[in-house]
1. Taking 45 Å as R0, compute the FRET efficiency from the Cβ-Cβ separation of LEU87 and ALA268 and round it to 0.05.
2. R0 = 30 Å: FRET efficiency of ARG478 with ASP153, Cβ-based, nearest 0.05?
3. Could you work out how far apart the two model spin labels at ARG620 and ALA203 are, taking each label as a point 7 Å from the Cα in the direction of the beta carbon, and quote it in nm?
4. So which trypsin sites (Lys or Arg not before Pro) in region 1-61 are both in a DSSP loop and have at most 11 other Cβ atoms within 10 Å of their Cβ?
5. Describe numerically, in nm with one decimal, the distance between label points set 7 Å from Cα along Cα→Cβ at VAL491 and at ASP103.
6. Dividing the convex hull volume of the Cα atoms of region 19-81 by its residue count, what figure in Å³ per residue is obtained?
7. Once the piece of chain linking ALA238 and LYS39 is laid out straight, how much longer is it, given 0.36 nm per residue of separation minus the C-alpha distance between them?
8. Any idea how far apart GLU584 and GLU296 come out in nm if each label point goes 7 Å out from Cα toward Cβ?
Amino acid sequence: MSDARYPFTAVVGMADLRLGLLLNAVSPAVGGVLVRGEKGTAKSTMVRALAGLLPSIGTVADCRFACDPAAPDPQCPDGAHGGAGSLERPAHLVELPVGVSEDRIVGSLDLERALAEGVKAYEPGLLARAHRGVLYIDEVNLLQDHLVDLLLDAAAMGRSYVEREGVSVRHAARFLLVGTMNPEEGELRPQLLDRFGLTVEIAATRDPQERAEVVRRRLAYDADPAGFAARFAEDERALAMRIAAARELLPEVELTDTALRQITAVCAAFEVDGLRADIVMARTAVALAAWAGRTEVLEEDVRKAAQLALPHRRRRNPFDAPGLDEEQLDRTLEEHAGAEEDGPDDTDPDTDPDGGGPDGPGGGPQDEGPDGGPDGSAAADPAPDPAGAPEQAPPPPRPAPGAGREKAPVASADPYRTRLFKVPGTGRGARGRRSAAETDGGHTVRARRPQGRLARLHLTATLQAAAPHQAARGRSGRALVLARDDLREQVRRGRESNLVLFVVDASGSMAARQRMGAVKGAVLSLLTDAYQRRDKIGMITFRGTGAELALPPTSSVEVGAARLEQLPTGGRTPLAAGLLRAHEVLRVERMRDPDRRPLLVVVTDGRATGGRDALAQAERAAGLLAGQGVASVVLDCESGHVRLGLARTLAARLGGPAVTLDELRAEGVAALVRDHRSVSTQRKAA
């Protein structure tokens, strides 16, 4: 079977993604591309195809770090390379799997040589292999945050620093960074979004003709990969030559004072944090000019640079969606479009009046397809489609029997910082920021014999275990004689992420507007806390005659916040149904991910209606959850002068604490502690 890759110029549409990738190929200093879009939109196909268009590179022979023979890295761990030969090879495409470890990324001590030869040697990681090539991270939003930080730091500095296990190494790591993600599976933190130079939003075309062309080409490729690639070979060569020409022209491009003033004015108008956006926009505008074959940055370059570099930097809180106000962008550019003295006019007589970029409305190359079809041009405007119109809220469901009159959703109060709730004990879940756990990160607390496959060697403990037996094993020379029983692994203590499952009472007893607004504000605050602690979340609501899984467990906390805002209220209070539904959801999730421990958050006033024994049924359901060892918290929403204390009774049956809305606030807890200490001090003084 042929291993011919799918040609870059054969991909239909996706003009912005095409342009973003090509700009980074021209100028890797732009800082990479984050591709946001739904599944099945050729994200991975385009990234893999781009690697074949990059110019081949010359490397020092036998250098594991791809040093350039013309300018070898003086700090290269493989030496100064004086008089070493060279070889020509294609640029590498390095794909980073979601489950990759830190050792695999940055490299680590070569344990085989350390133990067998007694020497300290460094084994390079994926960053070394990606140097002068492409580093591709699929599903970057599912990668652990500390690994994303590490990768983005290396991309920004162009160098990787390794300080671990007695190894101190620095090596060059300059690469084209591309990350892809599906926002439905969770967002990146705004701090990490800011580290990507550009972002592109993509979606599958709704044009039936374009969709048919996509299917036609894919079937042709699957039937004859080599023949299909040959059809586009000439276009691939032309595009590769254009990338090389733009790279050569890049140092000659002038960023005029007018263009720079527009860039800084746009960044200031959109109130982006820091100055990284200004720098990225400037580099992108210069790359756009070079891509268009010009030596001067024009206003159209600044506009397109803003469209690519600013949307993901507009998030002000964890639940904001990336976006850009095009009208505000145009107004700002017009206000700062004054020509310099004795300078060129801002307009270009050769510019396409439809504008948008140096290559037409889509900003992408227009001459890359074999026949001028949709593969090489910007995506055509899709046919009018109701799906493209602003979404209309679906009609409210008909109330179930016993639900009573449904009230319109109430806006939530402002969120605030909450208390930290933890799952008791020590878990083994994915790294996060909530409960104590044995993780692959954190600090080493002890050593133990491997339980199954050796994960992290504890070198010191292994040497101590093997040392007393060296004479009996006939050791001679520097090599250590090891037995399987000598091996020890590290036990590291850190924090894990949990599954936070909300069970929210949406019945009529919670329906008072002021009260429900405060409850929604409390839940939104807890959702924000879950987002910051890298938890998965789920949401069950109960009202009327039953309970509904409003949000299946997911990493997308943003979806949870949206569902909360649209939560209707009214009807009876089937508390038992909500707790039993939680039991079923947790049972299924336990089978899917046994290491992720749950935290149940029940938001209720403790009332239960719907039958004479409704309260007793709720207590039995709570006992069922407690018997499974589920950690629980009850958010007591009871208000008024007369309180029944039902929520606290429920918390006792669940085996967890009951917290009022006032006690949920972190500052409120601190005040309670201070008051308690003050009273204790006064009593002692008395």
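The values are calculated or read from the model by the stated rules, or taken from the named source; none is laboratory data. Predicted model only: the values in this text are computed from it and were never measured. Note that we place each Cβ from the backbone using ideal geometry, even for glycine, and neighbour counts take in every protein chain shown. Heads up: the accessible areas ignore ligands, DNA and RNA and are worked out on the full protein's heavy atoms, side chains in. Shrake-Rupley method; radii C 1.70, N 1.55, O 1.52, S 1.80 Å.
1. Using R0 = 45 Å, I get an efficiency of 0.40.
2. The pair ARG478/ASP153 has a calculated efficiency of 0.25.
3. Those two pseudo-labels are separated by 4.8 nm.
4. The qualifying sites are LYS39.
5. Here the modelled spin labels are 1.9 nm apart.
6. Looking at region 19-81, the number lands at 132 Å³ per residue.
7. So the chain would gain 68.7 nm between ALA238 and LYS39.
8. 7.0 nm
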